[in-house]
Amino acid sequence: MDELVKEKTAKSNDYGADSIQVLEGLEAVRKRPAMYIGDISAKGLHHLVYEVVDNSIDEALAGYCRNIDVFIHPDNSITVKDDGRGIPTDIMTKEKKSALEVVMTVLHAGGKFDKDSYKVSGGLHGVGISVVNALSTHLKVTIYREGKIFTQEYERGKPLFDVKVIGETDRTGTEVTFHPDTTIFTTGVYHYDTLVSRLRELSFLNKGIHLNITDERETDAEGKQQSDQFFSQGGLKEFVQFLDATRQHLIAEPIYIEGERGGVPVEVAMQYNDSFNENVHSYVNNINTHEGGTHLAGFRRALTRTLKSYADKSGMLQKVKIEIAGDDFREGLTAVISVKVQEPQFEGQTKTKLGNSDVMGAVDQAVSDMLSYYLEEHPKEAKMIVDKVILAATARHAARKARELVQRKNVLIGTGLPGKLADCSEADPSLCEIYLVEGDSAGGTAKQGRNRAFQAILPLRGKILNVEKAMEYRIYDNEEIKNIFTALGVSMGTAEDSKALNSTKLRYHKIVIMTDADVDGSHITTLILTFFFRYLRALIEQGFVYIATPPLYLVKKGKEQKYCWNDEERQAAIKELAKDGKEESVNTQRYKGLGEMNAEQLWETTMNPESRTLRQVTIDSEPEAGRIFSMLMGDDVPPRREFIEKNAKYANIDV
Ligand code: 0RA
């Protein structure tokens, strides 16, 4: 921080009065990066790429750009290239500087030009490319425009020279290469799969754009770089087909709605499948609004009203005795709603809830009109959908009864904590941790090894219920799941409530899943994560859920010993302990289960905050996570095997 201040005073004399303002703008970004890009973790690092890509997407939405290419270079620097019109380079009269320099160095300058353009994209924070510049040790921009090639380079946001012409060209476009400042971010390493899933999502959300990515850091056995190309002609319709690839669909093709009401472009695709989950995802200006908002409310209202009125008119509800609720229309529904809003108001805990009230009516109207038309035109599909809704209502009726019974029982026996819970003595939730441990025996070891002041242990018996396949009422009937709810202190709501869960009653701010480091353990972790994702998603989103990482090996020679978490560490430890080079004198113990460690070893390696490694569970992309959980936990074996084989090197899967 000191260094930054010095740098500013030393350099600011070189600039005119206007530029001092500019420097302070970008210094502010460097001092409080989280305010501009959300955070400085891997998430923020990836956000830099999205910010640049979003600018190119805007250019594509304006109708001038068809191809966007992303490169991850060997040193984790990034290039984003497009074939749009190119950022203007002419001198601006007021600033007396190239427009390009202004865009690159002034906060929020991007939108100043071209007011009429259809500019609605722009990241969660929508802060502009200058923020990426401020957070990069070095950035180079190259513009192809009006027959010339222009360029400028910067260090931590400051121009190294004026915009200059370096050649001639017959193409147009913008190319940005930046090196994230690793003194600002907690990590400098890009995850290919994270970028891939965002680019894939963007290609579905903005049909007709070619998005390509190449990873230059590693090559395969044939010397080929990892690379993917995304292009969607069908937009959201293809998105829904992608999300439901491993589910059984009810009707042949997703219902696709595209139109504009009251100046708001609305795009919706929906399909029903044979699962019990609702997978409805909503976007505003390409941003996933996971807290929902007015666009989602408009969709739901239209869906319920239109289907109900169709079912009434067709006489299908005559023999149905029970009340059909909103939820029943969404069981087994996969849908994506995307709207473009000129001045979005974002609300909610994570600023991902749309507040603009006029959007509700726009989506409601568009969906009502086009869905009624669809139902009239497709009586066969309409009947299948209504039958499915009636079935859901019947099952939910049973579920509701079961849940009420459970809740009444809870009232009768008071709100006692589960008998199997070994609670901690600390009362302040922000200091408390709970370990969800696979099996009674490992649970016993954990109870002995823990620090009872702030660590609680809840042993779980064997495999917990696969919530991906079970109907909702069975969840509320399940002993292990009831124990988790009561121990955490959160109430059992419906899957729907989970997204807006009120975590103020949460009794522990670290929820740690601890299972064996083998195939069964991974499976149990996945089962527990699936449960959290479906029923307590807000706890993951608020950063309360972690996975413990027990060691895989103990390498021993005489009294010296070392725990190892992977094969590289194991080999290094063997070398280190075999000082005389006699590696056979070193003994390696492979830990298969938590049960093979004694209480002290478990504390030391896996539970002691000083020496353990916890992996925090985060969600890169909600639709993608939903797709993966249904794939991992569903019936279809081949895609599951493919996924596990592809990811085996990341997870500690014992194969
Ligand atoms: C301002 C005005 C115009 C284009 C752009 C910005 C622009 C920005 C980026 C960022 C990445 N790629 C981009 N492509 C274009 C319009 C200029 C005109 O009227 O020709």
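The values are calculated or read from the model by the stated rules, or taken from the named source; none is laboratory data. Because the structure is a prediction, the values reported are computed rather than measured. All Cβ positions, even for glycine, are placed from backbone atoms using ideal geometry, and neighbour counts span all protein chains on display. For the accessible areas, the whole protein counts, side chains as well, though only heavy atoms, and no ligand, DNA or RNA atoms are used. Shrake-Rupley method; radii C 1.70, N 1.55, O 1.52, S 1.80 Å.
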TODO: Residues being part of a loop (DSSP other than H, G, I, E, B), more than 26 Å from Asn279 (Cα to Cα) and open to solvent by 60 Å² or more (accessible area, probe 1.4 Å): count how many of those fall in region 313-329.
DONE: 3
Open item on the list: Among (1) surrounded by fewer than 18 Cβ atoms within 10 Å (Cβ to Cβ); (2) in a helix (DSSP H, G or I); (3) modelled with pLDDT of 75 or more, there is one condition Glu404 misses while meeting the rest; what is its number?
Closed with: (3)
TODO: Scan region 593-625 residue by residue and report those that are exposed (fewer than 14 other Cβ atoms within 10 Å of the Cβ) and farther than 30 Å from His47 by Cα.
DONE: Asn598, Glu600, Glu610, Ser611
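Name the one entry in Gln241, Gln233 that is of a type outside the set (A, V, I, L, M, F, W, C) and outside any helix (DSSP H, G or I).
On the way: Gln241 fails: outside any helix (DSSP H, G or I).
The match here is Gln233.
Quick check on Val367: is it over 22 Å from Thr394 (Cβ atoms) and in contact (Cβ under 8 Å) with a residue 40 or more places away in the chain?
Yes; evaluated as a whole, the condition is true for this residue.
Just to be sure before I move on: is Ala297 touching a residue at least 40 places away in the same chain (Cβ under 8 Å), in contact with a Pro (Cβ under 7 Å, 6 or more places away or on another chain) and either in a strand (DSSP E or B) or open to solvent by 20 Å² or more (accessible area, probe 1.4 Å) (or both) in the structure I sent? Let's see the steps before the verdict.
Details: touching a residue at least 40 places away in the same chain (Cβ under 8 Å): yes; in contact with a Pro (Cβ under 7 Å, 6 or more places away or on another chain): no; either in a strand (DSSP E or B) or open to solvent by 20 Å² or more (accessible area, probe 1.4 Å) (or both): yes.
The answer is no for Ala297.
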Task: Any pair with Cβ under 9 angstrom, 6 or more apart, that starts in region 312-334 at a residue that is over 27 Å from Arg247 (Cβ atoms) and ends at one that is open to solvent by less than 20 Å² (accessible area, probe 1.4 Å) - done: Glu323/Ala393
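Can Gly223 be described as within 16 Å of the ligand (Cβ to nearest atom) and without any contact (Cβ under 8 Å) to a residue 24 or more places away in the chain?
So Gly223 does not fit the description; no.
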- [ ] From (1) away from the ligand (no atom under 16 Å from the Cβ); (2) among the polar types (S, T, N, Q); (3) open to solvent by 30 Å² or more (accessible area, probe 1.4 Å), pick out the condition that doesn't hold for Ser197.
- [x] (3)
Task: Criterion: closer than 23 Å to Thr289 by Cα, open to solvent by less than 30 Å² (accessible area, probe 1.4 Å) and assigned to a loop (DSSP other than H, G, I, E, B) - qualifying residue of Val367, Val363, Val341 - done: Val341
Open item on the list: Anything in region 45-78 that is away from the ligand (no atom under 12 Å from the Cβ), open to solvent by 10 Å² or more (accessible area, probe 1.4 Å) and in contact with a Phe, Trp or Tyr (Cβ under 7 Å, 6 or more places away or on another chain)? List them, or say none.
Closed with: Asn76
Open item on the list: If I ask for residues that are assigned to a strand (DSSP E or B) and either buried (at least 21 other Cβ atoms within 10 Å of the Cβ) or not hydrophobic (A, V, I, L, M, F, W, C) (or both), which ones from region 139-153 would you list?
Closed with: Leu139, Lys140, Val141, Thr142, Ile143, Tyr144, Arg145, Lys148, Phe150, Thr151, Gln152, Glu153
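Is it the case, given these coordinates, that Lys557 is in contact (Cβ under 8 Å) with a residue 24 or more places away in the chain, of a type in the set (D, E, K, R) and touching a Ser or Thr at 6+ places or on another chain (Cβ under 7 Å)? Working first, answer last.
Working: in contact (Cβ under 8 Å) with a residue 24 or more places away in the chain: yes; of a type in the set (D, E, K, R): yes; touching a Ser or Thr at 6+ places or on another chain (Cβ under 7 Å): yes.
Judged against the criteria, Lys557 is a match.
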Open item on the list: If Glu218 meets every condition in (1) assigned to a strand (DSSP E or B); (2) crowded, with 17+ Cβ neighbours inside 10 Å apart from one, which number is that one?
Closed with: (2)
TODO: Run down Ser136, Ser227, Ser130, Ser203 and say which single residue is modelled with pLDDT of 95 or more and either surrounded by fewer than 16 Cβ atoms within 10 Å (Cβ to Cβ) or among the aliphatic types (A, V, I, L, M) (or both).
DONE: Ser227
Task: Options Asp54, Asp75, Asp69: the member that is in a helix (DSSP H, G or I) and in contact (Cβ under 8 Å) with a residue 60 or more places away in the chain - done: Asp54
TODO: Kindly establish whether Tyr36 is farther than 16 Å from Lys158 by Cβ, at pLDDT 90 or above and within 16 Å of the ligand (Cβ to nearest atom).
DONE: no
Task: Subset of region 85-109 (residues that are β-branched (Val, Ile, Thr) and surrounded by 19 or more Cβ atoms within 10 Å (Cβ to Cβ)) - done: Ile87, Thr89, Val102, Val103, Thr105, Val106
Open item on the list: Tell me yes or no: at least one residue of region 235-250 is without any contact (Cβ under 8 Å) to a residue 24 or more places away in the chain, more than 21 Å from the chain's Cα centre (by Cα) and open to solvent by 10 Å² or more (accessible area, probe 1.4 Å).
Closed with: no
Open item on the list: Can you say whether Leu577 is over 17 Å from the mean Cα position of the chain (by Cα), free of Cβ contacts under 8 Å to residues at least 40 places away in the same chain and open to solvent by less than 60 Å² (accessible area, probe 1.4 Å), as far as the supplied structure shows?
Closed with: yes
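Report, by residue number, each residue of region 580-594 that is of a type outside the set (Ser, Thr, Tyr) and touching a residue at least 40 places away in the same chain (Cβ under 8 Å).
Selection gives Lys592, Gly593, Leu594.
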TODO: Tally the residues that are in a strand (DSSP E or B) and either within 17 Å of Val131 (Cβ to Cβ) or open to solvent by less than 20 Å² (accessible area, probe 1.4 Å) (or both), restricting the search to region 154-166.
DONE: 4
Task: Lone unmet requirement of (1) assigned to a loop (DSSP other than H, G, I, E, B); (2) more than 22 Å from Ile524 (Cα to Cα); (3) open to solvent by 60 Å² or more (accessible area, probe 1.4 Å) for Asp635 - done: (2)
Task: Output for region 434-448, where each listed residue is open to solvent by 10 Å² or more (accessible area, probe 1.4 Å) and on the phi < 0 side of the Ramachandran plot - done: Glu438, Asp440, Ser441, Gly444, Thr445, Lys447, Gln448
Task: Qualifying positions in region 176-194 - buried (at least 20 other Cβ atoms within 10 Å of the Cβ) and outside any loop (DSSP other than H, G, I, E, B) - done: Val176, Phe178, Pro180
